[in-house]
1. Out of curiosity, is P238 within 25 Å of L442 (Cβ to Cβ) and either modelled with pLDDT of 95 or more or in contact with an Asp or Glu (Cβ under 9 Å, 6 or more places away or on another chain) (or both)?
2. Restricting attention to the stretch 421-433, does a residue exist that is modelled with pLDDT of 95 or more, touching a Phe, Trp or Tyr at 6+ places or on another chain (Cβ under 9 Å) and part of a strand (DSSP E or B)?
3. Among the residues of the stretch 189-247, which ones are part of a strand (DSSP E or B), touching a Lys or Arg at 6+ places or on another chain (Cβ under 7 Å) and among the acidic types (D, E)?
4. Can you confirm whether the stretch 406-413 contains a residue that is part of a helix (DSSP H, G or I) and open to solvent by less than 60 Å² (accessible area, probe 1.4 Å)?
5. Could you grab the pairs with beta carbons closer than 6 Å, sequence gap of 6+ or different chains, first residue in the stretch 372-394 and without any contact (Cβ under 8 Å) to a residue 24 or more places away in the chain, second one surrounded by fewer than 17 Cβ atoms within 10 Å (Cβ to Cβ)?
6. Scan the stretch 464-484 residue by residue and report those that are part of a loop (DSSP other than H, G, I, E, B) and modelled with pLDDT under 95.
7. Kindly indicate the residue of the stretch 249-292 that is over 27 Å from A340 (Cβ atoms) and of a type in the set (A, V, I, L, M, F, W, C) and also surrounded by the most Cβ atoms within 10 Å (Cβ to Cβ) among those meeting that condition.
8. Scan the stretch 434-463 for residues that are assigned to a loop (DSSP other than H, G, I, E, B), among the aliphatic types (A, V, I, L, M) and either touching a Cys at 6+ places or on another chain (Cβ under 7 Å) or closer than 19 Å to T129 by Cα (or both) and jot them down.
Amino acid sequence: MTSSGTTSAAGGPSRGDSWNAAWELLLPAAAAPARQRGRALQSALRDAVRSGRLAAGTRLPSSRELAADLGVSRGLVTEAYEQLTAEGYLRSDRGAGTWVGDAARAAVRGARDLAPRAPGAQVDFRAGTPDLSLFPRAAWAATHKSVLARLPHRALGYPDPRGLPELRTALASLLTRRRGVVADPESLVVCSGVAQAMTLLGFVLHGHGLRTVGVEDPGSPEHGPLFSAAGLSMTALPLDDEGLATGPLEGSGVRAVVTTPAHQFPTGIEYSARRRAELLDWARSVDGLIVEDDYDGDFRYDRAPVGALQGLDPEHVAYTGSVSKSLAPGLRLGWLVVPAHLVDEVVERKRTMDLGNPAIDQALLAEFVDRGGYDRQLRRCQRAYRERRDTLVAALAEHFPGSQVSGIAAGLHIIAALPEHYGPEARFLEGAAGAGVAVRPLADYRTVSAEETGVRLVLGYAHLAPSDIVRGVRLMAEAAHPGP
């Protein structure tokens, strides 16, 4: 290899070492097939600059010298130099050669995975995740193949921002049949899960002059940040045994409130019929909006699920849900049924946000629902989750005598109140973590702190095999009662 460029552009010390270090990156480009060689050389030079292997200020060999060293045509090297000079990676001074420019910075290598996990935990009782191994891969793949075979070319263009008509129709029928929702396909918007539904509503409410939204306390920690992103602040509203306490709600001055009436998260209670009626009376009196998050309303183990609150007053309740608990959160598919007077604003905000959800995914879910696959999946999950809940309750009774499980037999988590002698709570949680068990206390879900007696845990079970549930409870018990 030649050793051109032994002085810097300013006549300073040599940068030859930098060029030598980058040389090996160019050799595979020279060995590429003839039609790909030019592009490969440009990519290799670009990568050498980005990675810092070719430092700013390094003088490159002349096109003739580099071509001879690599065994390629001079024109190919000249073209590569000209392309990278145009992009800003190199600079060329007339009569002084080609140099590495100083515009590029070394790229950060590697891609981090920020998905929520509990590193090092043997058993993870944190709530909110279904059993992803129950995802119906074979049925989903067959439906995907069927959809691709019949989907017209025009369907691959930009979709209706509300969602494909066939999916909105299928979801409207499903929600009416299973959850008692008054669901007109024209008022239903397909969205990227409940998270996007909340954000869409937040922007629309902000446009109507609202600056505060009420949230349940304790409640989902996700609601606050989602509305905050739309410029709204949160007012924490307490619960009683029947649901959201109406006295504090009426005195708060808010005109919009987020609720989980079918199965409150995290306490697990079901709103009473009286409280549901009182909430609707409040919404009518202030011309307000109730946002109903029906995150796991399909899963009830002791009786049929109570119908959605939205069915009683579609003009004062916005209803949202998703397939995150029934299929998989990674699909990012959900729905939002909004009062008629808000539809146009929600749809326009959805359009400007992302132009609509992927058409193929929507068509796939529509066929999966229409052909009964979704109902079969719900029945499959229902059986598995009921068994796991029963296993968890039995394990708590065996290893933590005197513990109490509150809330209805539904959903993907329970609240377990342990006797006072297992406290203080901080010490119990420290012991559980040391035993390799990830668990969160009820206090983590409170906006306004409250004095807790004993240890109150929010235990998710849907994603755990029965054997892991028993093992996790046993590990916590051993940590709470260390041996001699």
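The values are calculated or read from the model by the stated rules, or taken from the named source; none is laboratory data. In this text, all values refer to a predicted model and were calculated from it rather than measured experimentally. So basically every Cβ, Gly included, is an ideal-geometry build from the backbone, and we count neighbours across all protein chains shown. Accessible surface areas use protein heavy atoms only, side chains included; no ligands, DNA or RNA. Shrake-Rupley method; radii C 1.70, N 1.55, O 1.52, S 1.80 Å.
1. Criteria met by P238.
2. The answer is no; no qualifying residue exists.
3. Correct list: D217 only.
4. Scanning the stretch 406-413, I find no residue that is part of a helix (DSSP H, G or I) and open to solvent by less than 60 Å² (accessible area, probe 1.4 Å), so the answer is no.
5. V393/V405
6. Those that are part of a loop (DSSP other than H, G, I, E, B) and modelled with pLDDT under 95: H481, P482, G483, P484.
7. Kept after step one, since they are over 27 Å from A340 (Cβ atoms), are these residues of the stretch 249-292: 251, 263-270, 272, 274.
In the following step, the residues that additionally are of a type in the set (A, V, I, L, M, F, W, C) were identified as 265, 269.
Values: F265: 25, I269: 21.
Among those residues, the one meeting the criterion is F265.
8. Going residue by residue through the stretch 434-463, those that are assigned to a loop (DSSP other than H, G, I, E, B) are 435-436, 439, 446-454, 461-463.
Then drop every residue that is not among the aliphatic types (A, V, I, L, M), which leaves 435, 439, 448, 450, 462.
Result: V439, A462.
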